Amino acid sequence: MNNIGVVILVRYNSTRLYGKALLDIHGKPSLKYLIERLETLFDKSQLIIATSKENHDDPIEKFSMVNNIKCYRGSLNNVSERFKDAAKLLKKKYIVRITGDSIFLDMNLLKDIISQIDEKYLLFSNRISKTYPVGQTIDIVNLEEYIKYFPAFSTKDDLEHVTSYFFDNKSNFPIKNISNKLGVFRSVSLGLDDLEDYKNANSLIKNFKNYSASTSYIEIYNYYNKLKKN
């Protein structure tokens, strides 16, 4: 675990849900829920928030300072470069890439993917088979290899989606696909991307009995499904 760092990609100016990174959810900024979960598994020195240099992302840097978490500010649109440069500051062999809207990311799921790290792979991901809910997406990259291939990134997708280059050229790279052995969980999103997600998150924190940073994604998924049916 000491050889692993976490880059949290966050921006304030989401078009579907403006300011979602720091929206109040039952008295707490939304990003705080993700940080609390990560702190059950990592030391703060292993975490870095990567946002843009744009003025609208100033509140994210302030959040980082208040919560004593490193913050890197880089390009708004070249997210892959921002990820790379933030990751280098952590000085770890493997870097977990997650987004700030994965506020209820399940740490047991992350631990499971970490347990599958093998030096023969460049990338470990649970996004390929799309069996986990939105909001539970995890990529882990070998940073040295990522830096090595970064100069080949050229398309908009390459620069915007961090790991797209490897998926688009998967025959050339050793990628470990982690699929969900329990089935497909895609009927509701556990992320924070639009107003419905925001309403669901508020309902969860307000009404779910004994919610904690260890509440599993399956429990949250089942709760959201009940809300959808009501």
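The values are calculated or read from the model by the stated rules, or taken from the named source; none is laboratory data. Everything numeric here is computed off the predicted structure, so don't read it as measured data. So basically every Cβ, Gly included, is an ideal-geometry build from the backbone, and we count neighbours across all protein chains shown. Ligands, DNA and RNA are excluded from the accessible area calculation, which covers all protein heavy atoms including side chains. Shrake-Rupley method; radii C 1.70, N 1.55, O 1.52, S 1.80 Å.
In table form, for the structure just shown:
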{"quantity": "Among the residues listed as T137, T155, the single one being polar (S, T, N, Q) and touching a Leu at 6+ places or on another chain (Cβ under 9 Å)", "calculated": "T137"}
{"quantity": "Residue identified as free of Cβ contacts under 8 Å to residues at least 60 places away in the same chain, over 24 Å from S214 (Cβ atoms) and among the acidic types (D, E) among D139, D157, D194", "calculated": "D157"}
{"quantity": "Meets criteria (at pLDDT 95 or above, open to solvent by 50 Å² or more (accessible area, probe 1.4 Å) and closer than 19 Å to Y121 by Cα) for K176", "calculated": "yes"}
{"quantity": "Region 21-34, residues that are over 14 Å from the mean Cα position of the chain (by Cα) and open to solvent by less than 70 Å² (accessible area, probe 1.4 Å)", "calculated": "L22, L23, I25, G27, K28, P29"}
{"quantity": "Residue within region 137-155 that is more than 18 Å from S102 (Cβ to Cβ) and among the β-branched types (V, I, T) present", "calculated": "yes"}
{"quantity": "Pair list, Cβ < 9 Å and 6+ apart or interchain, from region 2-19 residues that are closer than 24 Å to K44 by Cβ to residues that are among the hydroxyl-bearing types (S, T, Y) and open to solvent by 80 Å² or more (accessible area, probe 1.4 Å)", "calculated": "Y12/Y18"}
{"quantity": "Criterion (over 16 Å from N108 (Cα atoms) and surrounded by fewer than 13 Cβ atoms within 10 Å (Cβ to Cβ)) met by exactly one of V184, V188", "calculated": "V184"}
{"quantity": "Test: residue in region 112-121 that is farther than 27 Å from D197 by Cβ, touching a helix residue (DSSP H, G or I) at 6+ places or on another chain (Cβ under 9 Å) and touching a residue at least 12 places away in the same chain (Cβ under 8 Å)", "calculated": "no"}
{"quantity": "Within region 53-166, helices (runs of 4 or more DSSP H) holding 1 or more residues that are among the small types (G, A, S) and buried (at least 18 other Cβ atoms within 10 Å of the Cβ)", "calculated": "58-66, 79-90"}
{"quantity": "Residues of region 191-230 classified as among the polar types (S, T, N, Q), in a loop (DSSP other than H, G, I, E, B), open to solvent by 60 Å² or more (accessible area, probe 1.4 Å) and within 18 Å of D106 (Cα to Cα), total", "calculated": "2"}
{"quantity": "Selection count where residues are closer than 25 Å to E119 by Cβ and either of a type in the set (K, R) or not in a helix (DSSP H, G or I) (or both), scope region 167-190", "calculated": "11"}
